[in-house]
Amino acid sequence: MGSCAGRGDDCGGHPLRVARRGVADGRSAVAADQRLCGTGARRPGRRAGGHARRRLRRHVHDRGLPRVPAAIAGLAVSLSLAVARPRHNVVFETMGTMATLTIASNVDAEHAGIAARACEASLAGDDHRFSHYDDRSEIMRWLNGAPIGVAARRDIQVVLDQCLLLQIASDGVFSAFDPATGRLDTAGYAKGHAIGKAVHAVRSTGVQDFSINVGGDTFCSGRPDPKRTWRIGVADPSRKRRIAAVLEVRDGAVATSGTAERGSHIWHRRPSSSLLSFTVTGPDIAMADAYATIGFAMGEAGIEWVGKHEGYSSLAIRADGVVISDSTGLLAG
């Protein structure tokens with residue numbers, strides 16, 4: 001397998017991937033769109049509620065079995081519920097959606113709070129940097145010719161370079177520019193880029209076993225407890241209260257694009273597919289997110305395209321409910 005030019009810095013090793021078909025979940029329906037999920041979801045043409053709204057919503061220290069929300073935003077949800085270690089869950093609003101940091105490391109509340117603040121600050125910083133809905137963001141100021149810091153310019157350039165490389169690698173299926181308006185929108189890569197930086201921020205505090213979920217895109221670090229890996233369920237968009245597949249992940253990313261996604265970074269030059277969702281696993285969250293977007297736009301051909309990139313695997317759910325995947329063992333049974 002080859003690798004995509006311009007692949008981002010890995011946040012960890014290759015994830016262990018296992019999935020089962022038709023796993024009953026017993027929870028409420030999962031939203032069919034990871035980018036526009038949660039109560040604070042930002043939609044095209046609508047400003048987010050502002051940085052004053054972005055705050056720590058809930059910091060819960062659970063031991064044993066943590067409570068699962070009745071309504072789960074996004075196409076992927078962690079199923080790693082039974083853990084032997086103390087569990088710290090932090091939920092907060094960022095990037096127009098909800099984020100959840102789940103800490104499985106055996107740390108006290110004070111240490112968990114330090115890690116949570118590092119995670120939230122990292123994501124908030126990138127929200128301020130890359131938001132296209134806030135004229136005060138660094139990327140909007142840069143586009144308008146206003147001065148910004150050297151670090152911001154370099155980070156923005158990294159994201160723009162990756163978007164260009166993804167456009168080339170996908171033969172134009174991915175684009176950071178709306179073909180109708182020419183408007184720049186880096187969300188197709190910047191969101192995963194921001195999550196990857198948040199992963200490093202949490203690890204820098206000494207916490208190694210955790211997961212970060214931002215609007216349905218997830219990175220899992222380490223293990224939820226010493227004897228098991230993280231389990232991520234992929235929802236079946238056509239069936240309420242049902243999980244189509246379960247992925248076992250260690251030090252890897254899971255990103256899903258679904259039928260409700262209509263971001264300007266998807267350029268549908270090809271006929272629309274019959275897919276309901278497209279999920280990618282891999283070592284880097286930014287690339288997994290981008291590959292999921294590209295794969296969904298390509299339809300079933302996206303399975304083969306993703307498989308050409310070393311370390312990445314994919315599965316898709318068709319409109320008829322059939323789950324298809326590459327040949328790398330993503331599905332078992």
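The values are calculated or read from the model by the stated rules, or taken from the named source; none is laboratory data. Computed from a predicted model, the values in this text were never measured in an experiment. Using ideal geometry, Cβ is built from the backbone for each residue, glycine included, and neighbour counts are taken over all protein chains shown.
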- Message: For a quick check of your reading of the model, give me the residue pairs whose first member lies in the stretch 137-157 and is among the aromatic types (Phe, Trp, Tyr), whose second is part of a helix (DSSP H, G or I) and surrounded by 16 or more Cβ atoms within 10 Å (Cβ to Cβ), with beta-carbon atoms closer than 7 Å and at least 6 apart or on different chains.
- Response: TRP142/ILE156
- Top-ranked residue of the stretch 278-309 - restricted to ones that are of a type in the set (D, E, K, R) and within 25 Å of VAL158 (Cα to Cα), ranked as nearest to the chain's Cα centre (by Cα): ASP289
- Name the residue, out of VAL202, VAL207, VAL107, VAL158, that is closer than 30 Å to HIS88 by Cβ and part of a helix (DSSP H, G or I). VAL202
- Message: Can you go through GLY295, GLY311, GLY321 and tell me which one is touching a strand residue (DSSP E or B) at 6+ places or on another chain (Cβ under 6 Å), in a loop (DSSP other than H, G, I, E, B) and within 19 Å of LEU247 (Cα to Cα)?
- Response: GLY311
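To keep it simple, each residue is scored yes or no on (1) touching a Gly at 6+ places or on another chain (Cβ under 8 Å); (2) over 15 Å from VAL254 (Cα atoms); (3) not β-branched (Val, Ile, Thr).
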residue	(1), (2), (3)
GLY149	no, yes, yes
LEU166	yes, yes, yes
ASP171	no, yes, yes
ARG183	no, yes, yes
ALA187	yes, yes, yes
GLY215	yes, no, yes
- Being aliphatic (A, V, I, L, M), closer than 23 Å to TYR291 by Cα, crowded, with 17+ Cβ neighbours inside 10 Å and in contact with a Phe, Trp or Tyr (Cβ under 8 Å, 6 or more places away or on another chain), is that true of even one residue in the stretch 99-106? yes
- Check VAL322, VAL254, VAL249 and return the single one that is modelled with pLDDT of 85 or more, over 19 Å from the mean Cα position of the chain (by Cα) and more than 17 Å from SER170 (Cα to Cα). VAL322
- Message: Which count do you get for residues in the stretch 298-308 that are closer than 20 Å to GLY252 by Cα and in a loop (DSSP other than H, G, I, E, B)?
- Response: 1
- Item | Selection count where residues are free of Cβ contacts under 8 Å to residues at least 60 places away in the same chain and over 20 Å from the mean Cα position of the chain (by Cα), scope the stretch 165-175 | 1
